[in-house]
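**Q** Please find one structure pasted underneath; my questions will follow.
Bear in mind these aren't lab numbers, they're just calculated from the coordinates by the rules spelled out. The structure presented is a predicted model; accordingly, all values stated were derived computationally and were not measured. Backbone-built Cβ (ideal geometry, glycine too); neighbour counts: all protein chains shown.
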Amino acid sequence: MKLEESFYQRDNVTKIAQELLGKCIFTRTGGKVTAGIIVETEAYSHREQGSHAYRGKTKRNQVMFEAGGVAYVYLCYGIHHLFNVVTNSKDVADAVLIRALEPKLGEKQMLRRMNTSSLQGITSGPGKVAKAMGIDRRHNGVPLWDNEIWLEDGIPIIRSKISASERIGIAYAGKDAFLPWRFTITGNSWVSKP
DNA sequence: TACGTGATCACG
DNA sequence: GTGATCACGTAA
């Protein structure tokens, strides 16, 4: 079952980031379907300095201000595409970064996109997730209940299997860099390193 | 541990 | 216009 708009259009982004663990992301690009179970997320609230939306709307972050349930994809370090799920209501710019997946479908296609022959670590990191799934900036703003990128129920993750830690790579965010808003499925081998 | 890589943003 | 900066990955 695809997740509905109402799943995304709620207020509590850290709760949604945890609920996204175990959900399954699908993409269809170039006629090829790939899918994976989400095993690592990070929550970004417009109210804290880690968020691109902290200083208001800009050309880059404008889709974060749309109603929840669309993709926010941007280019990072000139090389990597990063994929976020926009949450909350219109003009309240919250989002969840998808940092790692466990591949479930279309592994062969993922290997080709990553130009490798081993599945190990192929989706363990946000840049790799987007590349392996064929996501790039053309997908910025696409709805997540359509047929390019969508999310479905996957496996239930109970609370005691979720670990929280500090988010990665946001030292610029001052004290907000210490918020424990990175969530992982405890012990899952597809989680990214640190 | 170093650095590639290019869009973006806050300045003039 | 311009320059510092960046929600990463890889090689070393």
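**Q** Convert each backbone phi in the stretch A:50-65 into a coupling constant with the Karplus relation 6.51 cos²θ - 1.76 cosθ + 1.60 (shift: θ = phi - 60°), then list the ³J(HN,Hα) values in order as whole Hz, x for Gly and Pro.
**A** Couplings: x, 7, 4, 8, 4, 9, x, 6, 9, 4, 5, 8, 4, 6, 5, 8 Hz.
**Q** I want to check the label-to-label distance for A:LYS193 and A:ASN147. Put each point 7 Å from Cα in the C-beta direction and report it in nm to one decimal.
**A** A separation of 4.0 nm, rounded to one decimal place.
**Q** For chain A, what relative contact order do you get, as a whole percent, if you take Cα pairs closer than 8 Å and at least 6 residues apart? Don't skip to the answer; put the middle values down first.
**A** Details: 469 pairs, mean separation 55.7, N = 194.
Once normalised by length, the contact order is 29 percent.
**Q** If a/c stays under 1.5 just call it rounded; otherwise compare a/b with b/c (prolate if a/b is bigger, oblate if not). Do that for chain A, with a ≥ b ≥ c from the square roots of the Cα gyration tensor eigenvalues. Walk me through the numbers on the way to the answer.
**A** Numbers: a/c = 1.37, a/b = 1.24, b/c = 1.10.
Rounded, since a/c falls under 1.5.
**Q** Spin-label point model (7 Å from Cα, Cβ direction): what's the A:GLN120 to A:LYS15 distance in nm?
**A** 4.1 nm
**Q** Tell me which lysines have Cα within less than 17 Å of A:LYS15's Cα, excluding those fewer than 8 residues away on the same chain?
**A** Excluding near neighbours in sequence, the set is A:LYS23, A:LYS161.
**Q** Check the straight Cα-Cα distances from A:LYS175 and name the aspartates and glutamates below 15 Å, setting aside those fewer than 8 residues away within the same chain.
**A** A:GLU48, A:GLU166
**Q** If each DSSP helix of 4+ residues adds -39,500 (n - 2.57) and the sum is divided by the residues in chain A, what number results at 222 nm, nearest 500 deg cm²/dmol?
**A** That calculation yields -3500 deg cm²/dmol at 222 nm.
**Q** Using Cα positions and a limit of under 15 Å, work out the aspartates and glutamates in reach of A:LYS131, with same-chain residues fewer than 8 apart set aside.
**A** A:LYS131 reaches A:GLU102, A:GLU107, A:GLU148.
**Q** Also: Give the shape of the stretch A:1-91 as rounded, prolate or oblate, defined through the alpha-carbon gyration tensor: a ≥ b ≥ c are the square roots of its eigenvalues, a/c under 1.5 means rounded, and otherwise the shape is prolate if a/b is larger than b/c and oblate if not.
**A** Values: a/c = 1.66, a/b = 1.22, b/c = 1.36.
Note, shape of the stretch A:1-91 comes out oblate.
**Q** Give me the net charge for the shell around A:PRO180: Cβ to Cβ below 14 angstrom, other residues only, Lys and Arg +1, Asp and Glu -1.
**A** -1
**Q** How many nm separate the modelled label positions at A:LYS90 and A:LYS108, each set 7 Å beyond the Cα in the direction of the Cβ?
**A** 4.5 nm
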